[in-house]
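*Asks:* Before I ask anything, let me first share the structure, which is written out below as structure tokens.
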Ligand code: GYE
């Protein structure tokens, strides 16, 4: 049935007088935010999604949320539908770095500001987005590398590392690899003997670790996983191969989600570098600032730390994701 504006207003008024709806709903037009999420591939991502949905609700922002199931083409479709819906602001976490220019230009032509969250794009034309809000992934890789260098002092002979990379072409996979390599090159005994993508998921992390174990067996001394979920998947593979994760194979990962803290408390994961997914509050305040005509800084960096196994039990109760 087609309702015209007048009948809709009458219904709203009735609801208002019945106490079901505040009268202010007529006066204030809610800010509409279109958000294109990558998917639900990891614990980190789930925490990120929840943070965005909760903060939007709290701030009274009308959120159009779309899940791309880790596919760039789905994200592009979602972005185009946000243009068609004439949302006020578009935010998205780009699954990979390249291939966004065309759609970003379409958004610019529609006069809709864009906020990048979590991951960066490689577009040369930086006027295509207002700000990029998220972690410094290269620094996270360096933190992992520095921990490795310290650990190397306690290890003898060659140190054979296998690496589980994140999604191919994604900013965190590229930068976490780069930062780690930059630091470990100071110690020639540390060698990355195998490196493959596990797409940031537990299932693929397990599968690829099985292949590493088949090929290299006991030669593997260290696993560097670009996220906790892949490390947790790999832990299963290592146990099934009859080895002790955290002891026979030292494990370094990134994110700092609860699952990683549990694995550390069980002695199966040696260290996790923190990557904070709770970007919701920051994003909503940026959206409001934009709508109020304020200028945003071009880069908003998240503050984060590193947690080795021995502090896990103490830190666990205060972890928020
Ligand atoms: O580390 C991983 C997730 O882009 C920082 O994506 C994010 C990464 C995070 O799937 O767990």
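*Asks:* As a test of the formula, what do you get for the chain when each DSSP H run with n ≥ 4 contributes -39,500 (n - 2.57) and the sum is divided by the residue count, at 222 nm and rounded to the nearest 500 deg cm²/dmol?
*Replies:* -13000 deg cm²/dmol
*Asks:* Taking Cα atoms, how many degrees apart are the long axis of helix 171-184 and the longest axis of the chain, rounded to 10 and kept between 0 and 90?
*Replies:* 30
*Asks:* Show me the ranking of peptides 161-167, 179-185, 286-292 by mean Cβ neighbours inside 10 Å, starting with the highest.
*Replies:* With the highest mean Cβ count within 10 Å placed first, the list reads 161-167, 179-185, 286-292.
*Asks:* Applying a 10 Å radius around every beta-carbon, put 120-133, 78-91 in order of their mean neighbour count, most first.
*Replies:* 78-91, 120-133
*Asks:* Right, something else. Relative contact order of the chain, please, whole-number percent, based on alpha carbon pairs below 8 angstrom and at least 6 residues apart.
*Replies:* 16
*Asks:* While we're here: Using mean Cβ contacts within 10 Å as the protection proxy, how do 306-316, 35-45 order, highest first?
*Replies:* 35-45, 306-316
*Asks:* Another question about this same structure. Cα convex hull of the chain: mean projected area in nm², to one decimal?
*Replies:* For the Cα atoms of the chain, the hull's average projected area reads 19.9 nm².
*Asks:* Antiparallel as a % of all DSSP beta bridges within the chain, to the nearest 5?
*Replies:* Antiparallel: roughly 5 percent of the beta bridges in the chain.
*Asks:* Further, regarding this structure: Please compute the modelled spin-label separation between residue 296 and residue 315, points set 7 Å along Cα→Cβ, answer in nm with one decimal.
*Replies:* Distance between the two pseudo-spin positions: 2.8 nm.
*Asks:* Taking just the alpha carbons, could you work out the radius of gyration and Dmax for region 179-238, both in angstroms?
*Replies:* In Å, with Rg to one decimal and Dmax whole: 11.7, 33.
Values quoted throughout were computed directly from the atomic coordinates according to the rules given, and no laboratory measurement underlies them. The shown structure was predicted, so the numbers you read here are calculated from the model rather than taken from an experiment. With ideal geometry, Cβ positions are generated from the backbone for all residues, glycine too; neighbour counts draw on all protein chains shown.
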